[in-house]
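Notes follow the structure.
A short reminder: the numbers here are calculations on the coordinates, not readings from a lab. Note that this is a predicted model, so its numbers are computed, not measured. With ideal geometry, Cβ positions are generated from the backbone for all residues, glycine too; neighbour counts draw on all protein chains shown.
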Amino acid sequence: MTRQSADRTHTDPSHRSARVALVGTGGRGLMYNRAVAHRDHLRLVGLLDPNPVRTKYHSDAHVSSGRDAVAAYGPDDFDAMVREQGVDTIVVTSVDRTHSV
């Protein structure tokens, strides 16, 4: 796919936005949250973290960027998040030692 055709795909209103979930809501996660919020072809649909205060903070930050609130999940709810939110892409932003669980 050329850069030009990729741009057309992402700006075509008939093209469905990619549904993104973040696993980990620390500082690294906030960087990705902000990046998704500023891309029309992406939609943040799920946040997974053991800390509900951080998931609420991330959802509120997303809303303050003019986007929809984001569903929050705990660490045992990964499969439910993927299924319920129809996740296309998962971005793992948790502490590095947790990536191979």
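In table form, for the structure just shown:
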| read-out | value |
| --- | --- |
| Total residues in segment 44-78, condition farther than 10 Å from Asn33 by Cβ, among the hydrophobic types (A, V, I, L, M, F, W, C) and touching a strand residue (DSSP E or B) at 6+ places or on another chain (Cβ under 7 Å) | 5 |
| Any pair with Cβ under 6 angstrom, 6 or more apart, that starts in segment 82-98 at a residue that is closer than 17 Å to Asn51 by Cα and ends at one that is buried (at least 16 other Cβ atoms within 10 Å of the Cβ) | Val92/Val23; Thr93/Leu22; Thr93/Gly24; Thr93/Arg28; Thr93/Gly29; Thr93/Tyr32; Ser94/Val23; Ser94/Gly24 |
